[in-house]
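*Asks:* Handing you a structure now.
The values are calculated or read from the model by the stated rules, or taken from the named source; none is laboratory data. Values in this document were obtained by computation on a predicted structure and should not be read as measured data. No Cβ is skipped: glycine too gets one built from the backbone with ideal geometry, and neighbour counts run over all protein chains shown.
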Amino acid sequence: MTHRLTLCKELFELLIDEYPQDHCILTIAPDQQNIKSNFYVDKTSNHSEVICFKGTYLRILKEAHDYFNEFINFDMRERSKINRKGNNNAEYSYWNTYYMTIGMFLCTPEHKTIFTLHEEIFIKLLQQYGSDDDKAKKIDLLNKELKLIQRFLSSENNRLNKSSSMWHYYKKLYVINQLILSPEKNKDNDYIMTFFHSLMKHPTNYYSWNTMRWFFDNIDSMRMALFEKVKRYCFQHSSNCSSWSALAYFLNHVGGHEREISLYHRLEFKRLWKHYDKIFRDNDIIISQEVDIEDGIFSLSVEDQKYHPQPVKFNVDIKTNFNEILEIIELLRTDQWPPFLCLFVLLKKFEIINRQELFDKWRDEIRVFQEETHLYIPYQYNKPFVPEGFTDDLLIARDIMFYGFKKTIIEEFDDY
């Protein structure tokens, strides 16, 4: 049987193509009667959209699934004859299998076997570019693979955007790229922007935020850029608990303070590094001689018998950042808890912040508000709420929550 995998290959080529602003969103949409093509590409000045129609989606699923079913049932003795050079005349060539996994990613983005197979085939494809003369081809393949995964992760489709397996593979790709390329060629901004392209569609995506923390804990060169972008994002999205939690997590690292999860992130990085370093050396894949896991780039301190990572190197002025967060809260008079929670975390962690002065000011504000409105801020389940008679007055309702959250923080430190 001949396996053409036409749609899987077309999907791959569309996702790795160049688009304006290098921002491309993959969307799955209902069929359109006036459009006969398998895909539709909408290019604008800000971003482009690759639209996969439902009918095409189902045909990709069948095309990939049929190949996969025959592949896994293929006699092991015959499977070993897969053409190493990726000759597409071979029934089960590396490239055909690679295209199949991309089709399966689209339709079943948590299929663990497919991820394992895709990674195995990707490394085989890298292996075929073994000489220095093939280095440009190897780099091109790395860039295409990275772009492919980034566009899956920034898809409008929930199952792709929130695929824990896809985000984990994104970490692996960084390590693979860092091993093969020199550090300056591993573009940090491309990795960072994927998080924010993803968050444009799904602002509270747990896997995106968690992966961002992993990069923050491991990659020195990304740390400040991630911090600044997350802080800006928080100031633009006052109700996003995930972003404010990430900002508090970043600031907690100042002065060597950090949580146990940071150690876990760095242990995972070390494990991935050693894993791929061994695979590449065993398969004669040339790695960059400019990169050494012990050079401090990744905040790692490596010993064979012991592993005691140094604290993550991150220094910003806590008072300045605290005051900026406080300023945005006051400016917006926000009635959302996440910014206050970030303040609360910093107040607990850093004694350098003058709590007494802040709390005295807040107490005066709360007293004046309650006297003017003849209202004692009510609480339910330790959270302020707007009484029924005030729900129609939007300004008063907002201020009840605004001052109520201040009161909540004060009461956490002493009796109000």
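*Asks:* Phe322 - would you say it is at pLDDT below 95, surrounded by 14 or more Cβ atoms within 10 Å (Cβ to Cβ) and under 33 Å from the mean Cα position of the chain (by Cα)?
*Replies:* On the way: at pLDDT below 95: no; surrounded by 14 or more Cβ atoms within 10 Å (Cβ to Cβ): yes; under 33 Å from the mean Cα position of the chain (by Cα): yes.
Here the answer is no, as Phe322 does not meet what is asked.
*Asks:* Hey, another quick one. Do we find a residue being aliphatic (A, V, I, L, M) and farther than 18 Å from Leu332 by Cα anywhere in the range 373-381?
*Replies:* The initial filter retains those residues of the range 373-381 that are aliphatic (A, V, I, L, M), namely 375, 377.
Still in the running and farther than 18 Å from Leu332 by Cα: 375, 377.
Within the range 373-381 (the criterion being aliphatic (A, V, I, L, M) and farther than 18 Å from Leu332 by Cα), the answer is yes, since at least one residue qualifies.
*Asks:* Of the residues Ser93, Ser37, Ser45, only one is within 23 Å of Leu126 (Cβ to Cβ) and either at pLDDT below 95 or touching a helix residue (DSSP H, G or I) at 6+ places or on another chain (Cβ under 9 Å) (or both); which?
*Replies:* Details: Ser37 fails: within 23 Å of Leu126 (Cβ to Cβ); Ser45 fails: within 23 Å of Leu126 (Cβ to Cβ).
None of the other options fit; the residue is Ser93.
*Asks:* Same structure, new question: Restricting attention to the range 392-416, which residues are in a helix (DSSP H, G or I) and under 21 Å from Phe350 (Cα atoms)?
*Replies:* Looking only at the range 392-416, we keep the residues that are in a helix (DSSP H, G or I), and these are 394-413.
Correct list: Phe405, Lys406, Lys407, Thr408, Ile409, Ile410, Glu411, Glu412, Phe413.
*Asks:* Identify all residues within the range 134-143 that are of a type outside the set (A, V, I, L, M, F, W, C) and touching a Phe, Trp or Tyr at 6+ places or on another chain (Cβ under 8 Å); write none if there are none.
*Replies:* Within the range 134-143, the subset of a type outside the set (A, V, I, L, M, F, W, C) is 134-135, 137-138, 140, 143.
Hits for the range 134-143 are Lys135, Lys137, Lys138.
*Asks:* Checking Phe413 against (1) within 33 Å of the chain's Cα centre (by Cα); (2) touching a residue at least 24 places away in the same chain (Cβ under 8 Å): exactly one of these is not met. Which one?
*Replies:* Phe413 satisfies all of (1) within 33 Å of the chain's Cα centre (by Cα); (2) touching a residue at least 24 places away in the same chain (Cβ under 8 Å) except (1).
*Asks:* I would also like to ask the following. So which of Glu330, Glu351 is among the acidic types (Asp, Glu), at pLDDT below 95 and surrounded by fewer than 17 Cβ atoms within 10 Å (Cβ to Cβ)?
*Replies:* Working: Glu330 fails: at pLDDT below 95.
After ruling out the rest, the residue left standing is Glu351.
*Asks:* Related question: Yes or no: Ser154 closer than 19 Å to His111 by Cβ and within 23 Å of the chain's Cα centre (by Cα)?
*Replies:* Details: closer than 19 Å to His111 by Cβ: no; within 23 Å of the chain's Cα centre (by Cα): yes.
Against the criterion (closer than 19 Å to His111 by Cβ and within 23 Å of the chain's Cα centre (by Cα)), Ser154 does not qualify.
*Asks:* Just checking, does the range 138-145 include any residue being within 21 Å of Ala64 (Cα to Cα), surrounded by 15 or more Cβ atoms within 10 Å (Cβ to Cβ), in contact with an Asp or Glu (Cβ under 8 Å, 6 or more places away or on another chain) and modelled with pLDDT of 95 or more?
*Replies:* no
*Asks:* Same structure again: Residues to consider are Lys144, Lys171, Lys201, Lys162; find the one that is under 13 Å from the mean Cα position of the chain (by Cα), over 17 Å from Thr27 (Cα atoms) and among the charged types (D, E, K, R). Give the steps one after another, and end with the answer.
*Replies:* On the way: Lys144 fails: under 13 Å from the mean Cα position of the chain (by Cα); Lys201 fails: over 17 Å from Thr27 (Cα atoms); Lys162 fails: over 17 Å from Thr27 (Cα atoms).
The match here is Lys171.
*Asks:* Next up: With assigned to a strand (DSSP E or B), farther than 24 Å from Asp66 by Cβ, in the same structural domain as Gly55 (by TED's automatic domain parsing) and not aromatic (Phe, Trp, Tyr) as the only criterion, which of Asp42, Asp17 stands out? If you could, list the steps in order and put the result at the bottom.
*Replies:* Numbers: Asp17 fails: assigned to a strand (DSSP E or B).
The conditions single out Asp42.
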